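Reviewing the structure listed below.
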Amino acid sequence: MAVAVTAGARSARLNAAMHAGFFLLLAASVARFVSAHGLHGATPLILGLTGGLAVVYAAGVLLWTSLGRWRQAWLAVVIAVWLALVVAAPSFAWCAVPLFFVCLQLLRPRVVIVMVALLTVAVILAQLRIASGFDLGLVLAPIAVALMATVTFLQLDRARAEQQELAADLLRTRDDLAESERVAGVVQERERLAREIHDTLAQGLSSMRMLLQAALRSWSAEPEVARGHVTRAVEAAGDNLAEARRFVRDLSSPRLDGTDLAGTLAELAEQAGSAGGPVVRFATSGTPHALDPRVEAGLLRVAQGALANVTEHAGAAEAAVTLTYLGDEVVLDVRDDGTGFDPDAVRAAPGRGYGLRMMAERVAALGGSLVVESAPGKGTALAVTAPVEEAR
């Protein structure tokens, strides 16, 4: 856009210079004629034609925008009056130079060649009329001036066209970049929502399912135990409903509202252990201190996903969740004594490993690291290390 403005400004300055040059040459020609012939004889006619030419030319300049397709007619009138002046007073011939530029601006290439040739011939004949004898310089000089003016204008016009094309390319590039950024933003937002749904709603629904399955297994033999499972499933449904509403409001996790991370993880471990799965213990290490809300929410989501995997897939009897404060870092460990798995094989298998990938992306967004150690029959250990950022 700046390139286009610069090109337009240069063109405007060139036009202003050419118009000013025309009036200066016109004034110089009048002064020369009057000094040579006085105010008698043909001088009043010359002055009248000069005034008429000045008025017509000035009107065209002032009304340039509104003339539109009438500009060529205006140019024809200007050239006709100028030719009459040149016939009457050859000293007006050099006003042709600014007229070269006007012709180059308004006319098609073939017509321009004809008009420039006409103006050049008129200048040559006018100079020869007032010369005492034939002088080859009077023929070559107008041709050289016409040639230089034409070449100069064509070069400027070509440069202007190239700048306009460059400006158009820059605008297209800017639009393409904006569209790419928009698409990237959409993809990133989809990934974020996918992580949120996987780590909250999906895990909550899985927990509800397991609680209800446990209630069905104990429905006849232990109705009180079954009733407890159903009650916890109702509570989990309430939590999931709150999470769904949070997505709509785009607020922070309600699971952390009014509580610290350690308290929320302890509650999460208790819920996981009461869903008919493994016994889950929670412990903290180090000196607890305030964390950035983003770090707290990220670690909570990872813990939810890890415990859901332990409950659903590990077949573990026991699991442990540990939150360790290490000064400038905080570490979350989730361990179980389950069946274990091959992490590389799970990541490589199509349609599997989505939870691990979501955890890794979430931890990477916090500037931390995720390590998963597991093998078939040897349980699983997951460790997340995240930098500590004081809550603001």
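The values are calculated or read from the model by the stated rules, or taken from the named source; none is laboratory data. Keep in mind the model is a prediction, meaning the values are calculated, not measured. Note: ideal-geometry Cβ built from the backbone for every residue, glycine included; neighbour counts use all protein chains shown. Calculation scope for accessible area: heavy atoms of the full protein, side chains included, ligands and nucleic acids excluded. Shrake-Rupley method; radii C 1.70, N 1.55, O 1.52, S 1.80 Å.
Applying the set (1) of a type in the set (D, E, K, R); (2) under 22 Å from Met208 (Cα atoms); (3) surrounded by 15 or more Cβ atoms within 10 Å (Cβ to Cβ); (4) at pLDDT 80 or above to Glu267 leaves exactly one unmet item: (3).
Within the stretch 20-57, the set of residues being within 46 Å of the chain's Cα centre (by Cα) and open to solvent by 30 Å² or more (accessible area, probe 1.4 Å) comprises Ala20 only.
When the stretch 270-303 is filtered for residues that are part of a helix (DSSP H, G or I), touching a residue at least 40 places away in the same chain (Cβ under 8 Å) and open to solvent by less than 20 Å² (accessible area, probe 1.4 Å), the ones remaining, listed by number, are Ala272, Val295, Gly298, Leu299, Leu300, Arg301, Val302.
Taking Thr173, is it at pLDDT 70 or above, open to solvent by 60 Å² or more (accessible area, probe 1.4 Å) and either hydroxyl-bearing (Ser, Thr, Tyr) or farther than 30 Å from Leu366 by Cβ (or both)? Before the answer, list the steps.
On the way: at pLDDT 70 or above: yes; open to solvent by 60 Å² or more (accessible area, probe 1.4 Å): yes; either hydroxyl-bearing (Ser, Thr, Tyr) or farther than 30 Å from Leu366 by Cβ (or both): yes.
In short, yes.
Under the condition of being polar (S, T, N, Q) and under 22 Å from Ala88 (Cβ atoms), which residue from the stretch 1-55 is modelled with the highest pLDDT?
Going residue by residue through the stretch 1-55, those that are polar (S, T, N, Q) are 6, 11, 15, 29, 35, 43, 50.
Then keep just the ones that are under 22 Å from Ala88 (Cβ atoms); that gives 29, 35, 43, 50.
Numbers: Ser29: 84, Ser35: 84, Thr43: 84, Thr50: 88.
Across the stretch 1-55, the extreme among qualifying residues is Thr50.
Within the stretch 368-383, the residues that satisfy the criterion of being open to solvent by less than 60 Å² (accessible area, probe 1.4 Å) and touching a strand residue (DSSP E or B) at 6+ places or on another chain (Cβ under 6 Å) are Gly368, Ser369, Leu370, Val372, Ser374, Gly379, Thr380, Ala381, Leu382, Ala383. Looking across the stretch 119-136, the residues that are open to solvent by less than 80 Å² (accessible area, probe 1.4 Å) and at pLDDT 75 or above come down to Leu119, Thr120, Val121, Ala122, Val123, Ile124, Ala126, Gln127, Leu128. For the stretch 315-323, check the following and say yes or no: at least one residue is crowded, with 19+ Cβ neighbours inside 10 Å, touching an Asp or Glu at 6+ places or on another chain (Cβ under 6 Å), at pLDDT 85 or above and among the small types (Gly, Ala, Ser). Among the residues of the stretch 315-323, at least one is crowded, with 19+ Cβ neighbours inside 10 Å, touching an Asp or Glu at 6+ places or on another chain (Cβ under 6 Å), at pLDDT 85 or above and among the small types (Gly, Ala, Ser), which makes the answer yes. Each residue in the stretch 211-233 was checked for being farther than 17 Å from Glu270 by Cα and either among the charged types (D, E, K, R) or not in a helix (DSSP H, G or I) (or both), and 8 of them qualify.
Restricting attention to the stretch 345-361, does a residue exist that is surrounded by 21 or more Cβ atoms within 10 Å (Cβ to Cβ) and either at pLDDT 85 or above or touching a strand residue (DSSP E or B) at 6+ places or on another chain (Cβ under 9 Å) (or both)? Yes, that holds for at least one residue. For Val116, the stated conditions do not hold, so it cannot be described as out of contact with any strand residue (DSSP E or B) (no Cβ under 9 Å at 6 or more places or on another chain), under 24 Å from Thr152 (Cα atoms) and modelled with pLDDT of 85 or more.
Here's a check for you: in the stretch 122-180, which residue that is more than 56 Å from the chain's Cα centre (by Cα) and of a type outside the set (A, V, I, L, M) is nearest to Val97 (Cα to Cα)? So, considering only residues that are more than 56 Å from the chain's Cα centre (by Cα) and of a type outside the set (A, V, I, L, M), the one nearest to Val97 (Cα to Cα) is Gln127.
Would you call Ala308 surrounded by fewer than 20 Cβ atoms within 10 Å (Cβ to Cβ), in a helix (DSSP H, G or I) and either in contact (Cβ under 8 Å) with a residue 40 or more places away in the chain or out of contact with any Pro (no Cβ under 6 Å at 6 or more places or on another chain) (or both)? Talk me through it step by step, then tell me what you get.
Values: surrounded by fewer than 20 Cβ atoms within 10 Å (Cβ to Cβ): no; in a helix (DSSP H, G or I): yes; either in contact (Cβ under 8 Å) with a residue 40 or more places away in the chain or out of contact with any Pro (no Cβ under 6 Å at 6 or more places or on another chain) (or both): yes.
For Ala308, the condition - surrounded by fewer than 20 Cβ atoms within 10 Å (Cβ to Cβ), in a helix (DSSP H, G or I) and either in contact (Cβ under 8 Å) with a residue 40 or more places away in the chain or out of contact with any Pro (no Cβ under 6 Å at 6 or more places or on another chain) (or both) - is not met.
Can you confirm whether the stretch 362-369 contains a residue that is part of a strand (DSSP E or B), more than 19 Å from Glu267 (Cα to Cα) and at pLDDT 85 or above? Please lay out each step first, then the result.
The initial filter retains those residues of the stretch 362-369 that are part of a strand (DSSP E or B), namely 369.
If we keep only those that are more than 19 Å from Glu267 (Cα to Cα) as well, we get 369.
Checking the rest, the ones that are also at pLDDT 85 or above come to 369.
Looking for residues that are part of a strand (DSSP E or B), more than 19 Å from Glu267 (Cα to Cα) and at pLDDT 85 or above, one finds at least one in the stretch 362-369, hence yes.
Considering each residue of the stretch 84-104 in turn, none proves to be over 27 Å from Ala31 (Cβ atoms) and either among the polar types (S, T, N, Q) or open to solvent by 70 Å² or more (accessible area, probe 1.4 Å) (or both).
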